[in-house]
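Working notes, beginning with the structure itself.
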Amino acid sequence: QARLVESGGGSVQHGGSLRLSCAASGFSISTNCMDWFRQPPGAEREGVASINSGGSTTYADSVRGRFTISRDNAKHILYLQMNSLKPEDTAMYYCAARYSGWNGCFRDYNYWGQGTQVTVSS
(Lines give C-alpha, C1' and ligand atoms only; values in the text may rest on other atoms or scores of the structure.)
Protein backbone atom coordinates (compact mmCIF):
# COMPACT_ATOMS: atom_id res chain seq x y z
CA GLN A 1 0.00 0.00 0.00
CA ALA A 2 1.16 3.52 -0.75
CA ARG A 3 2.58 5.44 2.17
CA LEU A 4 4.39 8.74 2.75
CA VAL A 5 6.14 9.48 6.04
CA GLU A 6 7.66 12.89 6.78
CA SER A 7 10.50 13.48 9.22
CA GLY A 8 13.17 16.04 10.04
CA GLY A 9 11.03 18.76 11.55
CA GLY A 10 11.92 20.55 14.75
CA SER A 11 12.48 23.90 16.42
CA VAL A 12 15.15 26.31 15.19
CA GLN A 13 16.10 29.94 15.57
CA HIS A 14 15.50 32.42 12.78
CA GLY A 15 18.20 32.08 10.15
CA GLY A 16 18.65 28.39 10.86
CA SER A 17 18.27 25.41 8.56
CA LEU A 18 16.37 22.15 8.49
CA ARG A 19 16.18 19.28 6.03
CA LEU A 20 12.85 17.52 5.78
CA SER A 21 12.53 14.00 4.42
CA CYS A 22 9.56 12.19 2.97
CA ALA A 23 9.98 8.43 2.73
CA ALA A 24 7.76 6.78 0.14
CA SER A 25 6.68 3.18 -0.16
CA GLY A 26 4.21 1.34 -2.33
CA PHE A 27 4.77 3.53 -5.40
CA SER A 28 7.54 5.15 -7.39
CA ILE A 29 8.36 8.77 -6.66
CA SER A 30 10.38 9.01 -9.86
CA THR A 31 7.30 8.59 -12.05
CA ASN A 32 5.06 10.81 -9.94
CA CYS A 33 4.90 14.51 -9.29
CA MET A 34 5.95 15.22 -5.71
CA ASP A 35 5.07 18.29 -3.67
CA TRP A 36 5.68 19.87 -0.31
CA PHE A 37 2.84 21.76 1.35
CA ARG A 38 2.63 23.55 4.66
CA GLN A 39 -0.13 24.74 6.94
CA PRO A 40 0.71 27.61 9.31
CA PRO A 41 -1.21 27.89 12.59
CA GLY A 42 -4.74 29.11 11.92
CA ALA A 43 -4.19 29.34 8.17
CA GLU A 44 -4.98 27.36 5.04
CA ARG A 45 -2.63 24.79 3.60
CA GLU A 46 -0.39 26.24 0.91
CA GLY A 47 1.96 24.86 -1.70
CA VAL A 48 5.67 25.24 -1.00
CA ALA A 49 7.58 23.39 -3.71
CA SER A 50 7.10 20.74 -6.35
CA ILE A 51 9.15 18.49 -8.58
CA ASN A 52 7.85 16.60 -11.60
CA SER A 53 8.92 13.28 -13.09
CA GLY A 54 11.43 15.05 -15.31
CA GLY A 55 13.07 16.84 -12.39
CA SER A 56 11.70 20.32 -13.04
CA THR A 57 11.01 22.27 -9.86
CA THR A 58 8.61 25.02 -8.85
CA TYR A 59 8.64 27.15 -5.70
CA ALA A 60 6.30 29.49 -3.94
CA ASP A 61 7.46 33.09 -4.05
CA SER A 62 7.81 33.13 -0.28
CA VAL A 63 10.45 30.38 -0.24
CA ARG A 64 12.23 30.74 -3.57
CA GLY A 65 15.96 31.11 -3.04
CA ARG A 66 15.80 29.66 0.47
CA PHE A 67 14.23 26.21 -0.01
CA THR A 68 15.30 23.41 -2.34
CA ILE A 69 13.23 20.38 -3.27
CA SER A 70 15.00 17.22 -4.41
CA ARG A 71 14.60 13.47 -4.44
CA ASP A 72 16.68 10.34 -4.18
CA ASN A 73 14.91 7.83 -6.40
CA ALA A 74 17.09 4.92 -5.29
CA LYS A 75 16.25 5.57 -1.64
CA HIS A 76 12.62 6.51 -2.38
CA ILE A 77 12.98 9.76 -0.43
CA LEU A 78 11.82 13.27 -1.22
CA TYR A 79 13.70 16.12 0.48
CA LEU A 80 13.09 19.75 1.31
CA GLN A 81 16.20 21.68 2.31
CA MET A 82 15.18 24.83 4.17
CA ASN A 83 17.72 27.58 4.76
CA SER A 84 17.48 31.08 6.21
CA LEU A 85 14.34 30.12 8.06
CA LYS A 86 11.95 32.82 9.21
CA PRO A 87 9.26 32.76 11.90
CA GLU A 88 6.63 32.88 9.15
CA ASP A 89 7.91 29.49 7.95
CA THR A 90 6.45 27.94 11.10
CA ALA A 91 3.93 25.34 9.96
CA MET A 92 3.09 21.69 9.67
CA TYR A 93 4.83 20.46 6.53
CA TYR A 94 3.34 17.72 4.36
CA CYS A 95 4.54 15.82 1.33
CA ALA A 96 2.14 14.67 -1.35
CA ALA A 97 2.16 12.76 -4.62
CA ARG A 98 0.12 12.90 -7.79
CA TYR A 99 0.27 11.00 -11.04
CA SER A 100 2.26 12.28 -13.99
CA GLY A 101 0.89 12.18 -17.51
CA TRP A 102 2.19 13.11 -20.93
CA ASN A 103 0.87 16.65 -20.49
CA GLY A 104 2.24 17.13 -16.99
CA CYS A 105 1.09 16.47 -13.45
CA PHE A 106 -2.47 15.42 -12.75
CA ARG A 107 -4.65 17.91 -10.91
CA ASP A 108 -5.55 15.81 -7.89
CA TYR A 109 -3.19 14.48 -5.24
CA ASN A 110 -3.33 10.75 -4.60
CA TYR A 111 -1.16 10.33 -1.51
CA TRP A 112 -0.46 12.48 1.55
CA GLY A 113 1.82 12.12 4.51
CA GLN A 114 0.86 12.90 8.09
CA GLY A 115 3.15 15.90 8.38
CA THR A 116 6.13 17.07 10.39
CA GLN A 117 6.16 20.22 12.52
CA VAL A 118 8.60 23.06 11.84
CA THR A 119 8.84 25.87 14.37
CA VAL A 120 11.05 28.91 13.82
CA SER A 121 11.51 31.31 16.73
CA SER A 122 12.38 34.97 16.40
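The values are calculated or read from the model by the stated rules, or taken from the named source; none is laboratory data. Since the model is a prediction, treat every value here as computed from it, not as a measurement. For neighbour counting, all protein chains shown are included, and Cβ atoms are generated from backbone atoms with ideal geometry for every residue, glycine included. In case anyone asks, the SASA skips ligands and DNA or RNA and just uses the protein heavy atoms, side chains included. Shrake-Rupley method; radii C 1.70, N 1.55, O 1.52, S 1.80 Å.
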*Quick one: with all protein chains in place, what share of the accessible area of the chain is carbon or sulfur, to the nearest percent (1.4 Å probe)?*
46 percent
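For the range 22-121, what is the accessible area per residue in Å², given a 1.4 Å probe and the full set of protein chains? Write out the running numbers ahead of the final one.
Working: 5040 Å² over 100 residues.
In whole numbers, the range 22-121 has 50 Å² accessible per residue.
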_Computed FRET value (nearest 0.05) for residue 43 with residue 70, which takes r as the C-beta separation and R₀ as 41 Å_ = 0.95
*Can you sort 88, 6, 46 by 1.4 Å-probe accessible area, starting with the largest?*
88, 46, 6
*Surface/4 of the Cα convex hull for the range 38-122, nm²*: 6.3 nm²
*Which Rg and Dmax, in Å, describe the Cα atoms of the range 62-110?*
13.5, 39
*Got a number for the accessible area of residue 76? Probe 1.4 Å, square angstrom, nearest 10.*
90 Å²
*Normalised by the number of residues in the range 15-122, what is the relative contact order in percent for Cα pairs under 8 Å and 6+ residues apart?*
32 percent
_Within-14-Å neighbourhood charge of residue 122 [Cβ basis; K, R +1; D, E -1]_ = -1
*Of 82, 92, which has the most accessible area and how do the rest follow, probe 1.4 Å?*
92, 82
